[in-house]
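Visitor: One structure, as structure tokens, below. Some questions next.
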Amino acid sequence: METEIEITRMDEILMGHPQILISGNKINPENLGNKLPEILFITSFPPRECGIATYSKDLIKALNNKFDHTFKITICPVESETEKYTYKKEIKYLLNADVSASYVHLAEQVNNNAAIRMIVIQHEFGFFHKNQEDFSRLLDTFTKPIIIVFHTVLPHPNEVLKARIQHISDTVNSIIVMTNSSATILMNDYDIRSEKIAIIPHGTHLVQHEEKEFLKKKYNLSGKKVLSTFGLLNSGKSIETTLEALPAIVEKNPNVLFLIIGKTHPSIVKREGEKYREMLEAKVMELNLQQHVQFINRFMPLPELLQYLQLTDIYLFTSKDPNQAVSGTFSYAISSGCPIISTPIPHAKEVLKNEAGIIIDFENPYQLTEAVNKLLKDEVLRKNISSNGLHKMASTAWENTAIAHAILFQKIGYGEISLHYNMPVINLDHIKKLTTDFGVIQFSKINQPDIDSGYTLDDNARALIAFCQHYKLRKKESDLKYINIYFNFIRHCLQADGYFLNYVDEKKAFTEQNNSSNLADSNGRAIWGLGYLISISSILPDQLAADAELTFHIALKNVNNIHSTRAMAFAIKGLYYYTIKNESIQNKTLINGLASRLVQMYRHEADNEWHWFESYLTYANSILSEAMLCAWLATGEPIYNETAKLSFDFLLSKTFVNNQIKVISNKTWLHKGKESIAIVNGGEQPIDVAYTIMALSKFYDAFKTEDYLQKMEASFNWFLGNNHLHQVIYNPCTGGCYDGLEENYVNLNQGAESTISYLIARLTVENKFKQAKGTPVRWNKQLQLE
């Protein structure tokens, strides 16, 4: 009878652990003073060449990138008598797994170091097979919390193995496995309690997703249909299965090339030399496949490897080990967008469900031939499998795996670890990639601009604001090119009657959608963008500043005809920013007119329980409160101040729980009198988080309330993983921002709205903390890099 799966999955690890990320929240564990708590990783590590060494390097890099002001990671490499290495950095700890005294010495070192608060052990049976008893005693001797990561979980153990794993379970605080299958085996075959087990999938790399044909040309593979496999060669990979399938594949696809990427595993070379590779080379000759097989006999650097995977048309994973719990090579291939054909290892059976790949039997070249030929003749199917795989693996990005580990550390650390996210450096690559000489393209498929989606005034107005912010902070002349592009797009959309159109196709023509859509918000955003541009006119070229003034005044011809709630708010913001540079009685009159309408709306709807302008909370809510604050700052009218403060504090009470932001979902909105209805997860948009950050910044300026500053940081951390899925919304690899946070997944498309929203939020937070002279120390390094 199978045990019901109630193990701690990655998402369950993360539940109930909101990150309260407040400047000055110090960590002061006993005997540590102001030092960060230290976490010791016992693992194989480069320059050793093995899967676990690579895994640990990637995981530790991701943890340091996100949390190096939360804890310090120290490495204790695992070696043997036959495998000893020189490391790039000084190593304080070392475990020679073949020598009993090394276990005793390590235990003494670790137990006597008060800075070490936790131990993480990457476990593979081959590491400790000569000294199982010494390893067990080491676990017994350690006086610190222990997390062990099982890279292999063998089913149907004999009594000796079962007792050994049960002993490990009894001595550690948590066991990490990477698949549901491994967790089920631990519970059913080893009687391990479910609460001891955490599932954190093998991490994968975020990639740029470059054009396949461009990469093929770069590596002299143009015109080829590329099959590939990679990893340290050994007989368990069963690459001969592919070689036996190739003749029938080549018969139908004569342009096929099979790449075998990777050198022979060093341990195999020591035992038997290049016996396996030589057998493969002989088989290539025997089958007359010399023109269709290429060996790349080296340990390939990661950037180059990821490009080879991206140019691959089909990735082949032919392991013949049914007990191989997980494969890093398999994971990397899927996250690089490869359609994959795999043998049924547990990892593959979990990941390749729902048309995310094709599974074949072990050592079956006939099935492999059929699957490859099927995919090669069906490009649409390949693209669908690639897309399904990418979305399936998105949650396993190393950034997300790091978050899952960090929160498990927090859980195991008995209150000694409080998580602090690092701020990413600014990366303008994706927004520039989306921008043509005409404007910023509206949508993106993953991170590839979708020119068929055309352009919008909305996105270009927002992009203008973002690049004005960047120029104001950085004074980079290259920003002016983009400021001019976005400004000229706004002028292109301005009609003779003073109104703006919003939708423009890829041929620069206005679309029919302009006739069927309410364009009030778009007009308001244009006024906001123009006003913000004019507010920095003192650092702009004279002609650009003059053109902006002229365009702004034309746009104001119809401002009194705006009655849409958010459109009025956007217009107020534009008028406010204009008055920063140019005091104007006329503009203050316009602000009063618009703000008075919002006050009337507020008075009509507000009561003791509902302090808002409408009977519902929908999108861009914080814009309304911020606009009222701007109206007060521009005119000094007390009622605007009162309305701004009451409405904004009400909004914050509905969108913050335990210092974690949860903006109003576009699935349900929030209706007056129905607040008690359970709020669903998902439907959260980056633009609403960005608007909240902008409003918090403005309210902090006005009232110097520390809570606003703290909520700014908590809101920004939503992009970095402090959300209900605990997954990154900002992609630091591309510089793009994902389009939305749903209940169970992140929308991986990186369109203009979300990417610009992140950039606005990032610049607003940096500017505010610099002004407040309270930049968190963990952010200083990132700011200095730019």
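Visitor: What single numbered condition from (1) in contact with a Ser or Thr (Cβ under 9 Å, 6 or more places away or on another chain); (2) open to solvent by 20 Å² or more (accessible area, probe 1.4 Å) fails to hold for L154?
Guide: Here L154 meets the rest and fails (1).
Visitor: Look at the range 472-485 and say how many of its residues are open to solvent by 10 Å² or more (accessible area, probe 1.4 Å) and either part of a helix (DSSP H, G or I) or in contact with a Pro (Cβ under 9 Å, 6 or more places away or on another chain) (or both). Explain how you work it out, then say what you get.
Guide: Step one: filter the range 472-485 for residues open to solvent by 10 Å² or more (accessible area, probe 1.4 Å), giving 472-478, 480-482, 484-485.
Narrowing further to those that are either part of a helix (DSSP H, G or I) or in contact with a Pro (Cβ under 9 Å, 6 or more places away or on another chain) (or both): 472-474, 478, 480-482, 484-485.
Qualifying residue count for the region: 9.
Visitor: Also, quick follow-up: Is it the case, given these coordinates, that D437 is assigned to a loop (DSSP other than H, G, I, E, B), more than 26 Å from the chain's Cα centre (by Cα) and of a type in the set (D, E)? Full working, then the answer.
Guide: Values: assigned to a loop (DSSP other than H, G, I, E, B): yes; more than 26 Å from the chain's Cα centre (by Cα): yes; of a type in the set (D, E): yes.
Here the answer is yes, as D437 does meet what is asked.
Visitor: Would you check which residues across the range 504-546 are among the β-branched types (V, I, T), open to solvent by 20 Å² or more (accessible area, probe 1.4 Å) and in contact with a Gly (Cβ under 9 Å, 6 or more places away or on another chain) and list them?
Guide: Filtering the range 504-546 down to residues among the β-branched types (V, I, T) leaves 504, 511, 527, 534, 536, 539.
Subsequent filtering for residues that are open to solvent by 20 Å² or more (accessible area, probe 1.4 Å) retains 511, 539.
T511 - this is the single residue of the range 504-546 that is among the β-branched types (V, I, T), open to solvent by 20 Å² or more (accessible area, probe 1.4 Å) and in contact with a Gly (Cβ under 9 Å, 6 or more places away or on another chain).
Visitor: Something else now. Since F362 meets every condition but one in (1) hydrophobic (A, V, I, L, M, F, W, C); (2) closer than 30 Å to K320 by Cα; (3) not in a loop (DSSP other than H, G, I, E, B), which condition does it not meet?
Guide: Among (1) hydrophobic (A, V, I, L, M, F, W, C); (2) closer than 30 Å to K320 by Cα; (3) not in a loop (DSSP other than H, G, I, E, B), F362 violates only (3).
Visitor: Looking at E713 and the list (1) closer than 20 Å to E766 by Cβ; (2) outside any helix (DSSP H, G or I), which single condition is not satisfied?
Guide: Failing condition for E713: (2).
Visitor: One residue is enough: does the range 374-383 have a residue meeting the conditions of a type outside the set (A, V, I, L, M, F, W, C), closer than 20 Å to Y758 by Cβ and either surrounded by fewer than 21 Cβ atoms within 10 Å (Cβ to Cβ) or in contact (Cβ under 8 Å) with a residue 60 or more places away in the chain (or both)?
Guide: In the first step, residues of the range 374-383 are kept if they are of a type outside the set (A, V, I, L, M, F, W, C); the result is 374, 377-379, 382-383.
Narrowing further to those that are closer than 20 Å to Y758 by Cβ: none.
There is no residue in the range 374-383 that is of a type outside the set (A, V, I, L, M, F, W, C), closer than 20 Å to Y758 by Cβ and either surrounded by fewer than 21 Cβ atoms within 10 Å (Cβ to Cβ) or in contact (Cβ under 8 Å) with a residue 60 or more places away in the chain (or both).
Visitor: Still on this structure, please answer the following. Looking for whichever is in a loop (DSSP other than H, G, I, E, B), in contact (Cβ under 8 Å) with a residue 24 or more places away in the chain and β-branched (V, I, T) here; the options are V765, V728. Which one fits?
Guide: Numbers: V765 fails: in a loop (DSSP other than H, G, I, E, B).
Criteria check complete, one pass: V728.
Yes/no matrix, rows are residues, columns are (1) surrounded by fewer than 17 Cβ atoms within 10 Å (Cβ to Cβ); (2) assigned to a helix (DSSP H, G or I):
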site: P303; (1), (2): yes, yes
site: S331; (1), (2): no, yes
site: P344; (1), (2): yes, no
site: N354; (1), (2): yes, no
site: M393; (1), (2): no, yes
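Conditions (1) touching a strand residue (DSSP E or B) at 6+ places or on another chain (Cβ under 9 Å); (2) among the basic types (K, R); (3) outside any helix (DSSP H, G or I); (4) over 16 Å from A627 (Cβ atoms), marked per residue:
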position: K645; (1), (2), (3), (4): no, yes, no, no
position: F648; (1), (2), (3), (4): no, no, no, no
position: T668; (1), (2), (3), (4): no, no, yes, yes
position: N681; (1), (2), (3), (4): yes, no, yes, yes
position: M694; (1), (2), (3), (4): no, no, no, no
position: S697; (1), (2), (3), (4): no, no, no, no
position: Y700; (1), (2), (3), (4): no, no, no, yes
position: Y708; (1), (2), (3), (4): no, no, no, yes
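Visitor: Which one of these is open to solvent by 40 Å² or more (accessible area, probe 1.4 Å), closer than 17 Å to G524 by Cα and assigned to a helix (DSSP H, G or I): S622, S596?
Guide: Numbers: S622 fails: open to solvent by 40 Å² or more (accessible area, probe 1.4 Å).
Sole residue among the options that is open to solvent by 40 Å² or more (accessible area, probe 1.4 Å), closer than 17 Å to G524 by Cα and assigned to a helix (DSSP H, G or I): S596.
Visitor: Moving to a separate point now. Can you report the number of residues in the range 664-722 which are under 23 Å from F570 (Cβ atoms) and under 23 Å from the mean Cα position of the chain (by Cα)?
Guide: First, pick out the residues of the range 664-722 that are under 23 Å from F570 (Cβ atoms): 664-666, 669-670, 683-703, 708, 711-712, 715-716, 718-719.
Filter once more, so that each one left must be under 23 Å from the mean Cα position of the chain (by Cα): 664-666, 683-694, 711-712, 715-716, 718-719.
Looking only at that region, the number is 21.
Visitor: Next question, about the same structure. Which of the residues spanning the range 445-471 are acidic (D, E) and not in a strand (DSSP E or B)?
Guide: Residues of the range 445-471 that are acidic (D, E), as a first pass: 450, 452, 458-459.
Within the range 445-471, D458, D459 qualify.
Visitor: Picking from I20, I27, I42, which residue would you name as being modelled with pLDDT of 95 or more and outside any helix (DSSP H, G or I)?
Guide: That would be I42, the only listed residue that is modelled with pLDDT of 95 or more and outside any helix (DSSP H, G or I).
Visitor: Out of the range 486-499, which residues are surrounded by 23 or more Cβ atoms within 10 Å (Cβ to Cβ) and without any contact (Cβ under 8 Å) to a residue 60 or more places away in the chain?
Guide: Across the range 486-499, the qualifying residues are Y486, F489, C493.
Visitor: Looking at (1) surrounded by fewer than 19 Cβ atoms within 10 Å (Cβ to Cβ); (2) assigned to a helix (DSSP H, G or I), which is the only condition P254 fails?
Guide: That leaves (2) as the condition not met.
Visitor: Out of (1) without any contact (Cβ under 8 Å) to a residue 12 or more places away in the chain; (2) in a helix (DSSP H, G or I); (3) of a type outside the set (S, T, Y); (4) surrounded by fewer than 17 Cβ atoms within 10 Å (Cβ to Cβ), what's the single condition that is false for G415?
Guide: Evaluating G415 over (1) without any contact (Cβ under 8 Å) to a residue 12 or more places away in the chain; (2) in a helix (DSSP H, G or I); (3) of a type outside the set (S, T, Y); (4) surrounded by fewer than 17 Cβ atoms within 10 Å (Cβ to Cβ) leaves (2) as the failure.
Visitor: In the range 208-220, what residues are open to solvent by 10 Å² or more (accessible area, probe 1.4 Å) and within 31 Å of the chain's Cα centre (by Cα)? Quick ask: steps written out before the conclusion?
Guide: In the first step, residues of the range 208-220 are kept if they are open to solvent by 10 Å² or more (accessible area, probe 1.4 Å); the result is 208-214, 217-220.
Answer for the range 208-220, where residues must be open to solvent by 10 Å² or more (accessible area, probe 1.4 Å) and within 31 Å of the chain's Cα centre (by Cα): Q208, H209, E210, E211, K212, E213, F214, K217, K218, Y219.
Visitor: Keeping to the range 314-346, report how many residues are of a type outside the set (A, V, I, L, M) and either free of Cβ contacts under 8 Å to residues at least 12 places away in the same chain or touching an Asp or Glu at 6+ places or on another chain (Cβ under 9 Å) (or both).
Guide: Within the range 314-346, the first condition is being of a type outside the set (A, V, I, L, M), and the residues that meet it are 315, 317-324, 327-332, 335-339, 342-344, 346.
Restricting the remaining residues to those that are either free of Cβ contacts under 8 Å to residues at least 12 places away in the same chain or touching an Asp or Glu at 6+ places or on another chain (Cβ under 9 Å) (or both) gives 318, 320, 328, 338-339, 343-344.
Within the range 314-346, residues that are of a type outside the set (A, V, I, L, M) and either free of Cβ contacts under 8 Å to residues at least 12 places away in the same chain or touching an Asp or Glu at 6+ places or on another chain (Cβ under 9 Å) (or both) number 7.
Visitor: Now, a different point. Can you confirm whether the range 79-93 contains a residue that is at pLDDT 95 or above, open to solvent by less than 30 Å² (accessible area, probe 1.4 Å) and in a loop (DSSP other than H, G, I, E, B)? Break it down into steps so the answer makes sense when it comes.
Guide: Filtering the range 79-93 down to residues at pLDDT 95 or above leaves 93.
Add one more test, that the residue is open to solvent by less than 30 Å² (accessible area, probe 1.4 Å), and what stays is 93.
If we keep only those that are in a loop (DSSP other than H, G, I, E, B) too, we end up with 93.
Yes: the range 79-93 contains one or more residues that are at pLDDT 95 or above, open to solvent by less than 30 Å² (accessible area, probe 1.4 Å) and in a loop (DSSP other than H, G, I, E, B).
Visitor: Checking M393 against (1) touching a residue at least 60 places away in the same chain (Cβ under 8 Å); (2) closer than 20 Å to A248 by Cα; (3) in contact with a strand residue (DSSP E or B) (Cβ under 9 Å, 6 or more places away or on another chain), which single condition isn't satisfied?
Guide: (2)
Visitor: Pick from the range 352-400 the residues that are hydroxyl-bearing (S, T, Y) and more than 30 Å from Y421 (Cβ to Cβ): which of them is nearest to the chain's Cα centre (by Cα)? Break it down into steps so the answer makes sense when it comes.
Guide: Let us first name the residues in the range 352-400 that are hydroxyl-bearing (S, T, Y), namely 366, 369, 386-387, 395-396.
The next check asks that each one be more than 30 Å from Y421 (Cβ to Cβ); those that pass are 366, 369, 386.
Working: Y366: 39, T369: 36, S386: 19 Å.
By that ranking, first place goes to S386.
Visitor: Take V149 and decide whether it is touching a strand residue (DSSP E or B) at 6+ places or on another chain (Cβ under 8 Å) and in contact (Cβ under 8 Å) with a residue 60 or more places away in the chain. It would help to see each step written out before you state the result.
Guide: Details: touching a strand residue (DSSP E or B) at 6+ places or on another chain (Cβ under 8 Å): yes; in contact (Cβ under 8 Å) with a residue 60 or more places away in the chain: no.
For V149, the condition - touching a strand residue (DSSP E or B) at 6+ places or on another chain (Cβ under 8 Å) and in contact (Cβ under 8 Å) with a residue 60 or more places away in the chain - is not met.
Visitor: Moving to a separate point now. Does K275 satisfy the condition of being out of contact with any Ser or Thr (no Cβ under 6 Å at 6 or more places or on another chain), closer than 23 Å to P301 by Cβ and open to solvent by 60 Å² or more (accessible area, probe 1.4 Å)?
Guide: Numbers: out of contact with any Ser or Thr (no Cβ under 6 Å at 6 or more places or on another chain): yes; closer than 23 Å to P301 by Cβ: no; open to solvent by 60 Å² or more (accessible area, probe 1.4 Å): yes.
Here the answer is no, as K275 does not meet what is asked.
Visitor: Just name the residue that is modelled with the highest pLDDT out of those in the range 637-689 that are of a type in the set (G, A, S) and open to solvent by 20 Å² or more (accessible area, probe 1.4 Å). Step through it out loud before you land on a result.
Guide: Residues of the range 637-689 that are of a type in the set (G, A, S), as a first pass: 644, 647, 653, 665, 673, 676, 678, 682-683.
When the remaining residues are screened for being open to solvent by 20 Å² or more (accessible area, probe 1.4 Å), the result is 653, 673, 676, 678.
Numbers: S653: 95, G673: 85, S676: 61, A678: 58.
Here the answer is S653.
Visitor: Tell me yes or no: at least one residue of the range 265-272 is outside any helix (DSSP H, G or I) and hydrophobic (A, V, I, L, M, F, W, C). Explain how you work it out, then say what you get.
Guide: So in the range 265-272, the residues outside any helix (DSSP H, G or I) come out as 265.
Then keep just the ones that are hydrophobic (A, V, I, L, M, F, W, C); that gives none.
No, the range 265-272 contains no residue that is outside any helix (DSSP H, G or I) and hydrophobic (A, V, I, L, M, F, W, C).
Visitor: Looking at E583, E549, which one is more than 39 Å from the chain's Cα centre (by Cα), within 30 Å of I483 (Cα to Cα) and open to solvent by 50 Å² or more (accessible area, probe 1.4 Å)? Talk me through it step by step, then tell me what you get.
Guide: Working: E549 fails: open to solvent by 50 Å² or more (accessible area, probe 1.4 Å).
E583 is the lone residue from the list that is more than 39 Å from the chain's Cα centre (by Cα), within 30 Å of I483 (Cα to Cα) and open to solvent by 50 Å² or more (accessible area, probe 1.4 Å).
The values are calculated or read from the model by the stated rules, or taken from the named source; none is laboratory data. Quantities reported herein were computed from a predicted structural model and do not represent experimental measurements. Neighbour counts are summed over all protein chains in view; Cβ atoms, including those assigned to glycine, are modelled from backbone coordinates with ideal geometry. For accessibility, only protein heavy atoms count, side chains too; no ligands or nucleic acids. Shrake-Rupley method; radii C 1.70, N 1.55, O 1.52, S 1.80 Å.
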